[in-house]
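The values are calculated or read from the model by the stated rules, or taken from the named source; none is laboratory data. Worth saying up front: this structure is predicted, and the values here are computed from it rather than measured. Quick reminder, even Gly has a Cβ in these numbers, built from the backbone with ideal geometry, and neighbours come from all protein chains shown. Just so you know, the surface numbers come from the protein's heavy atoms only, side chains and all, with ligands and any DNA or RNA stripped out. Shrake-Rupley method; radii C 1.70, N 1.55, O 1.52, S 1.80 Å.
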Amino acid sequence: MDKDQEDIFEPERPSWDETFMDIVAIFAKRPVCINNRVACVYANPNHHIIDTGYNGPLPDHPHCNNPHVGCAKKHGNACRGLHAEDNATLSRSRSEFDGSTLYISRLCCTQCMKRQAAYGVKRIVFAQEYARVKRVDEAEKGEEKTDFELAIQLAMESNIAVEQYNYETKTTRKVI
């Protein structure tokens, strides 16, 4: 190695997973939902950001922290908010997501996992499980499965790699 090359300072660069999950952590501060603060980043195979999103109400609709309206779920109604994945994909063509990686603070619910399969997402990196009330899976003859388990099953059937990210170690653990 010549002298000029020795003098070049090369800082330790974060991995792409660390980079995108750090962006997810920043965007997860944006939601005002009192139940979940979910954010996501879609990146194409060349590591370019396709789009970002976080959970929140429809455009021009009140936020759940509005004291005059409040959280719809607390009043026994369905949530008025869109999921982070929906907010990130609404303004894009489905083909833009083909082969992409979804980085997300909580793993997709079953409905959002269906859309990831339809979009052609090939990999999902998440930080936390999506814990929702248990549902009955008719295909399993009444056995209850969590939404997380159903989403993982759908990802397996759709050949989507799923990995859990650990912010402390900055590493991923293969789930499927």
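So which of A88, A78, A118, A28 ends up being small (G, A, S) and closer than 18 Å to Y165 by Cα?
A28
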> With respect to C40, is the statement that it is at pLDDT 90 or above and either surrounded by 10 or more Cβ atoms within 10 Å (Cβ to Cβ) or of a type in the set (S, T, Y) (or both) true?
Replying inline: yes
> Pick from P31, P67, P11, P59: which is at pLDDT 85 or above and not basic (K, R)?
Replying inline: P31
> Across region 89-119, which residue is most open to solvent (accessible area, probe 1.4 Å) among those that are of a type in the set (K, R) and over 12 Å from Y130 (Cα atoms)?
Replying inline: R94
>> Cβ-Cβ under 9 Å, sequence separation 6+ or interchain: first residue in region 41-57 and under 15 Å from N87 (Cα atoms), partner surrounded by fewer than 18 Cβ atoms within 10 Å (Cβ to Cβ) and among the small types (G, A, S). Which pairs?
In response: D51/S91
>> Given the condition over 15 Å from the mean Cα position of the chain (by Cα) and at pLDDT below 90, answer yes or no: does some residue in region 86-100 qualify?
In response: yes
